[in-house]
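The values are calculated or read from the model by the stated rules, or taken from the named source; none is laboratory data. None of these values were measured; they are calculated from a predicted model. Methodologically, a virtual Cβ is constructed for each residue, glycine included, from the backbone with ideal geometry; neighbour enumeration extends over all protein chains shown. Protein only, heavy atoms only, side chains kept; ligands, DNA and RNA dropped before computing areas. Shrake-Rupley method; radii C 1.70, N 1.55, O 1.52, S 1.80 Å.
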Amino acid sequence: MTTAPDSTPDSTPYDVIAIGCGPFNLGLAALADGLDDVRLAVLDSRPELTWHRGLMFGDAMLQVSFLADLVSLVEPAHRLSFLSFLRDNDRLYQFYVREKFHPTRREYETYLRWCAAQLDSLHFGHHVSEVSWTGEVFELTVERGESTETFAARHLVVGVGTEPAVPAALAGLPEERFLHSADYLFRREDLLRAGRVTVVGSGQSGAECALDLLRANADGGPAVSWLTRTPSFTPLDYSKLVLEMTTPSYVDYFHALDEASRDKLVKEQWRHYKGISSETLDDIHDVLYARDLTAAPVELQCGVAVVSAVARADGIELTLQHADSRKTFQHHCDAVVAATGYRNRPLPFVAALEDQVRRDAAGRWMINRDHSVETNAALAGRLFVANADLHSHGVAAPDLGIGAIRNATILNSVAGREVFRLPKSTAFTTFAIPG
């Protein structure tokens, strides 16, 4: 997996170089494996593939079916499917008897690493520092330890993922008293030694951190507060017809809307991908009900937003605003866990391409239905994105279930032919005006 790509400015360029090796670009490599007319490499700056290690709780479940693996929704008989992984690891019958469609998060990461170990197109320890367009190909400057190399590709796929987002109100807190939920398990022991821990944010990550702290609280751990600005601790909307909004049929509909309509829908549909699983909410209530009344205090409060935060000698003081009354009040604790979500990573390595890229009214890249970025005619190579298209493709964009379809669409576009047959009907619901 760490062999250097053999493309140099003097050799045949790759058809595609994908930057970043998360599940989406790993899936791209999996589908491209064995294609004679698509030569692909994936470059990642990390030494190896890992996935959400800071939130790898032992009982955490994936929120999508095992069919949302790297390949199955396009090629269910593919050698790198989740079922092939189970067979290869002699777990197929155990999974069958378990009768649950959702793997554990830990098992899913093991599956990803199993796939990565079988793909020669993956190259870790390769940091892409700059990309330029020569007029014929993309030229990539790649740092490998102390050396710098140059690679070339006709097309690029940018899939560098997201990074933790910390709101301005919390950004100034000292590191020893503050962490993002992405690092929770790395700092868990420090938190358990604190007297009062506050979790801010109520998506799935916030709920899992709160649940872990509540379990520790029941066993003599610190006092716990869980705060959210949403009106309630809202469950993920996982009903069947709502799930049809993560299908290609809905993506087709959403992409055809005007920018203002798309932005409005994204704001309204946050429950489809930012809510909490009902199972986690049930577990939290069970822990709250069973805990000894002599345990350290526990506080759950919704409809409050953090206005500011100050570190003092005796702990942290948060100023909160109550949504309904608009009044502010103070909240004190010793440590804060910010379960405040993620944002797209900055892309400094494509700075040389920025004047070729077309942007929408909000300054975001305009993205075509095939996930390529709209560019000026001078940039003949295509620049694709993976999971940076929420504004153009809707709530399905971060969903693992759309990954194989997105990658098949990209590979069909690169090859200029139907390498993979894409599904024509994926939802019972009709989203557009009939006719």
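Taking the DSSP beta bridges in the chain as the whole, what percent of them are antiparallel, to the nearest 5?
Numbers: 35 of 68 bridges.
Close to 50 percent.
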### In Hz, Karplus ³J(HN,Hα) per residue of the stretch 13-18 (6.51, -1.76, 1.60; θ = phi - 60°; x = Gly, Pro)
x, 5, 5, 9, 10, 9
### Query
So what is the accessible area of the stretch 341-435 per residue, in Å², with the probe set to 1.4 Å?
48
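Placing unit charges on C-beta atoms (Lys and Arg positive, Asp and Glu negative, everything else neutral), compute the dipole magnitude of the chain about its Cα centre in debye, rounded to 20. Walk me through the intermediate numbers first.
Numbers: 41 positive and 57 negative charges, 194 e Å.
It comes to approximately 940 debye.
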## Note on the structure
Any lysines whose Cα falls less than 21 Å from that of residue 100, other than same-chain ones fewer than 8 residues away, would be 240
### Query
How many percent of the accessible area of the chain is carbon or sulfur, using a 1.4 Å probe?
51
### Message
How large is the Rg to Rh ratio of the stretch 117-178 when both quantities use alpha carbon positions and Rh follows Kirkwood?
### Response
1.16
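If you place +1 on the Cβ of every Lys and Arg, -1 on the Cβ of every Asp and Glu, and leave all else neutral, what size is the dipole of the stretch 313-394 about its Cα centre, to the nearest 20 Debye?
Numbers: 9 positive and 10 negative charges, 60 e Å.
Approximately 280 debye in magnitude.
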### Task
Set the Förster distance to 35 Å, then compute FRET efficiency between residue 239 and residue 183 from the Cβ-Cβ distance, nearest 0.05.
0.60
### Message
How compact is the stretch 332-435 by the rule of thumb for globular proteins, expressed as Cα Rg over 2.2 N^0.38 Å?
### Response
1.37
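Quickly estimate the mean residue ellipticity at 222 nm for the chain, helices only: each DSSP H run with n ≥ 4 gives -39500 (n - 2.57), and the total goes over all residues, rounded to 500.
On the way: 13 runs with 116 residues, N = 435.
Value at 222 nm, helices only, nearest 500: -7500 deg cm²/dmol.
Considering only DSSP beta bridges whose two residues both sit in the stretch 91-226, what percent are antiparallel, to the nearest 5? Can you show the working numbers first?
Working: 13 of 17 bridges.
Around 75 percent of the beta bridges assigned by DSSP in the stretch 91-226 are antiparallel ones.
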### Query
What is the set of long-range amide H partners of residue 199 at a cut-off below 5 Å, with H atoms built 1.01 Å from backbone N?
225, 226, 227, 337
## Note on the structure
For the chain, the longest principal axis of the Cα atoms and the Cα long axis of helix 278-290 enclose an angle in degrees, to the nearest 10, of 20
### Query
What are the ³J(HN,Hα) values, in whole Hz, obtained from phi via the Karplus relation 6.51 cos²θ - 1.76 cosθ + 1.60 with θ = phi - 60°, for each residue of the stretch 227-243 in sequence order, with x given for Gly and Pro?
10, 8, 7, 6, x, 7, 7, 8, x, 4, 7, 10, 6, 4, 6, 5, 4
### Message
Charges on Cβ only, +1 for Lys and Arg, -1 for Asp and Glu, centred on the Cα centroid of the stretch 241-298; of 295, 280, 261, which one is farthest towards the dipole's positive end?
### Response
261
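Please go through the stretch 115-175 and write out the chymotrypsin sites (Phe, Trp or Tyr not before Pro) that DSSP classes as loop and that have at most 16 other C-beta atoms within 10 Å.
Values: sites: 124, 133, 138, 151; in loops: none.
Answer in residue order: no site qualifies.
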### Message
If I stretch the segment between residue 114 and residue 50 completely, what's the gain in nm (0.36 nm per residue apart, minus their alpha carbon distance), one decimal?
### Response
21.9 nm
### Query
Given the options 309, 32, 388, which has the most mean-square fluctuation in a GNM of the chain, springs set between C-alpha atoms less than 10 angstrom apart?
309
### Query
So who's got an amide H within less than 5 Å of the one on residue 342, skipping anything under 5 residues away but keeping other chains? H placed 1.01 Å off N, in plane.
165
## Note on the structure
Highest GNM mean-square fluctuation among 182, 18, 415, for the chain with Cα springs under 10 Å, belongs to 415
### Task
Count the net charge of all other residues whose Cβ sits under 11 Å from the Cβ of residue 180, scoring Lys and Arg as +1 and Asp and Glu as -1.
-2
### Summary
Given all pairs of distinct Cα atoms, the stretch 100-225 yields a Kirkwood Rh in Å of 18.9
### Query
From the backbone phi of the stretch 250-263, what are the Karplus-calculated ³J(HN,Hα) couplings (6.51 cos²θ - 1.76 cosθ + 1.60, θ = phi - 60°) in whole Hz, Gly and Pro given as x?
6, 4, 4, 5, 4, 4, 7, 6, 6, 4, 5, 5, 4, 4
### Message
Can you match percent of Cα pairs over 43 Å apart to one of these, [x] 45; [y] 17; [z] 7, based on a calculation from the structure here?
### Response
[y]
